[in-house]
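S.K.: My structure is below; once you've seen it, I'll send some questions.
The values are calculated or read from the model by the stated rules, or taken from the named source; none is laboratory data. Quick caveat, the model's predicted, so the values are computed rather than measured. Positions of Cβ are backbone-derived with ideal geometry, glycine not excepted, and every protein chain shown enters the neighbour counts. Surface areas here come from the heavy atoms of the whole protein model, side chains and all, with no ligands, DNA or RNA. Shrake-Rupley method; radii C 1.70, N 1.55, O 1.52, S 1.80 Å.
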Amino acid sequence: MRMQRRLTHLGATTIALGFLGLTTTAHGAANGDRSADVRRAIVAKKHAKNVILFIGDGMGDSEITIARNYEKGAAGRLAMDGLPLTGAYTTYAVKKGTSDVPDYVTDSAASGTGWATGHKTYNNAVSVDPVTLAPLTTILEKAQQAGFKTGNVTTAELTDATPAVLDAHVSLRGCQGPADMATCPNETKQAGGLGSIAEQTVEHGIDVLLGGGRQRFAQTVTGGPYAGKTVIEQAQALGYDVVTDQAGLDAASPGTKLLGLFSTGNMSLEWTGPGAAPYPGPDATTCTRSNPARAATEPHLADMTARAIELLSAKVKGDKAANRGFFLQVEGASIDKQDHAENPCGQIGETVELDRAIQVALDWAAKNPDTLIVVSADHGHTSQIVEAQSASDHSPGAIATLVTADGQPMVVSYASNLHGRSQSHTGTQVRIAAQGPRAANVVGVTDQTGLFHTLSLALGLE
Ligand SMILES: [Zn+2]
């Protein structure tokens, strides 16, 4: 009965994918007893050779459920739903100048600093102490020092907060390129500081850097040994191949460090559809699974993830002396950005693409089980699934009605700010799920800073 319904609404390909997700992760008995799967997941090896961390920016439980309902149906499951061990973690930031006064709604910079360094900081801060502003050592820096290969992949600008927390230390997240330093005058190279996020990113020697933000790297360095060069020229001088499209990504060699800058700003959205609007909102519709503004040469997040894993594992094989694996972070950035913009199809398309990237990693981990995979978010966001709306009872914000994979209407409301303004993050706890060595550390209710320790324990770094 259930199978027939799924066949009718979803088609065979979706079902095959759904089953693949389940068979490669948690099996579960027919009666739903998952005890054996959970036991097996907990007694995995002590250390991971490789760690892949997926972050859905703004991907709270609402965003996951909206994407699942739309793409798979209410009874369907996403690839990320198949991870056997799941918990919730708290995401709050702290007020600037304090180490323990909570700021209940975090931004991506403070939350990312939490898992990148194990320390809370204030909103807008990138891996610096909230009181002293001193740089905090990141998990990527620790992994590099121990001989792991490293990668940082995002659909945002590579200088945006979530990628930056791994490879930059700056008091304000807006200081992204050498020409963006007006609010961080004491942190420029001339002033004896660490420089912009773009400069710090290429100076870290990360093996694979893939994302958007070419405009930041095209800016001219104003101090230090690379003054007068663009950050792209600086990267080339430091040994990077710089590529700008899918063909360049395909042709990249594991023998060289790779900087892929596939867009001037954020990378293009996957899907399009009507923006949410005040009641009654746009007519019920489905999303368009393409974006005319997206160039065919621009890689998708799943492509970037597959290539990053290929290149990093080839580098690992080519460096037997180090005898270490790799650490890779992959961010689906525009779930958040489209939540801010009241764009449900944009938001769902980005969530589904992140899920495709997660499936790539799950398939790879099926053959490389000494890999810890973690899937989480940095903070909750505004979108909510609400009841059918009427003239007397409706959201005070913006709504859109989407026809889901079940063939049913789903009303999505955006009401954490006035319509047309940037919708607000929310302060809710968010999901964290994992499989592989030390995955059990995500179970229960933890804090975002605990993920730093989960990652370092898995990599054998503490
Ligand atoms: Zn945001």
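S.K.: Charges on Cβ only, +1 for Lys and Arg, -1 for Asp and Glu, centred on the Cα centroid of the chain; of 154, 82, 174, which one is farthest towards the dipole's positive end?
M.R.: 82
S.K.: Highest mean first, how do 188-195, 76-83 rank when packing is the count of other Cβ atoms within 10 Å averaged over residues?
M.R.: Values: 188-195: 17.9, 76-83: 22.8.
Ranked from most to least packed, the peptides come out as 76-83, 188-195.
S.K.: Using unit Cβ charges (K, R positive; D, E negative) and no other charged atoms, how large, in debye to the nearest 20, is the dipole of the stretch 28-150 about its Cα centre? Before the final figure, lay out the partial values.
M.R.: On the way: 14 positive and 12 negative charges, 126 e Å.
About 600 debye.
S.K.: Going by average Cβ density within 10 Å per residue, which order do the peptides 416-427, 101-112 take, highest to lowest?
M.R.: On the way: 416-427: 17.2, 101-112: 22.2.
Ranked by mean Cβ neighbours within 10 Å, highest first: 101-112, 416-427.
S.K.: Within the stretch 49-458, what percent of beta bridges assigned by DSSP are antiparallel, to the nearest 5?
M.R.: Working: 26 of 62 bridges.
That works out to approximately 40 percent antiparallel.
S.K.: Here's another thing I want to ask about it. At 222 nm, what helix-only mean residue ellipticity would the chain give, in deg cm²/dmol to the nearest 500, using -39500 (n - 2.57) for each DSSP H run of four or more?
M.R.: On the way: 15 runs with 148 residues, N = 462.
Taking each H run of at least 4 residues, the total per residue is -9500 deg cm²/dmol.
S.K.: Could you please state, rounded to a whole Å, how far the C-alpha centre of the stretch 404-457 is from the C-alpha centre of the stretch 49-105?
M.R.: Result: 2 Å between the Cα centres.
S.K.: Within the chain, which whole H helices from DSSP have a Cα span along their axis of at least 30 Å and a mean Kyte-Doolittle hydropathy of -1.0 or more, if any?
M.R.: Details: long enough: 344-367 (35 Å, 0.05).
What comes out of the filter, once short or polar helices are dropped, is 344-367.
S.K.: Going from most exposed to least, what order do 386, 445, 208 have by accessible area with a 1.4 Å probe?
M.R.: 445, 386, 208
S.K.: Determine the share of the stretch 49-458's accessible area contributed by carbon and sulfur atoms, expressed in whole percent, with a 1.4 angstrom probe. Before the final figure, lay out the partial values.
M.R.: Working: 6990 of 13910 Å².
That share works out to 50 percent.
S.K.: Once you put a point 7 Å from the Cα of residue 247 and another 7 Å from the Cα of residue 417, both along the Cβ direction, what distance in nm separates them?
M.R.: Label at residue 247, label at residue 417, 4.0 nm between them.
S.K.: At 1.4 Å probe size, with every protein chain present, just tell me what the per residue accessible area of the stretch 49-458 comes to in Å². Each step should come with its number before you reach the end.
M.R.: On the way: 13910 Å² over 410 residues.
Each residue of the stretch 49-458 exposes 34 Å² on average to a 1.4 Å probe.
S.K.: While we're here: Using alpha-carbon pairs under 8 Å, 6+ residues apart, how would you state the relative contact order of the chain in percent?
M.R.: Numbers: 1150 pairs, mean separation 124.2, N = 462.
Relative contact order, the chain: 27 percent.
S.K.: Taking the Cβ of residue 195 as the centre, find all other residues whose Cβ is under 14 Å away and add up their charges (Lys, Arg: +1; Asp, Glu: -1).
M.R.: Numbers: positive: 189, 216, 229; negative: 167, 180, 187, 199, 203.
So the surrounding residues net to -2.
S.K.: Can I ask one more? Using the Cα centre as the reference, give the magnitude of the dipole from point charges on the C-beta atoms of the stretch 49-458 (Lys, Arg: +1; Asp, Glu: -1; all else neutral), rounded to the nearest 20 debye.
M.R.: Working: 28 positive and 42 negative charges, 189 e Å.
Around 900 debye, computed over the stretch 49-458.
S.K.: Based on Cβ point charges of +1 for Lys and Arg and -1 for Asp and Glu, what charge dipole magnitude is obtained for the stretch 146-222 about its Cα centre, in debye rounded to the nearest 20? Could you put the intermediate results ahead of the total?
M.R.: Numbers: 5 positive and 8 negative charges, 11 e Å.
Its charge dipole is roughly 60 debye.
S.K.: List the extent of the Cα atoms of the stretch 319-462 along each of their three principal axes, largest first, rounded to whole Å.
M.R.: 67, 31, 25
S.K.: What spacing in nm lies between the two simple spin-label points modelled at residue 388 and residue 101, each 7 Å away from Cα in the Cβ direction?
M.R.: 5.0 nm
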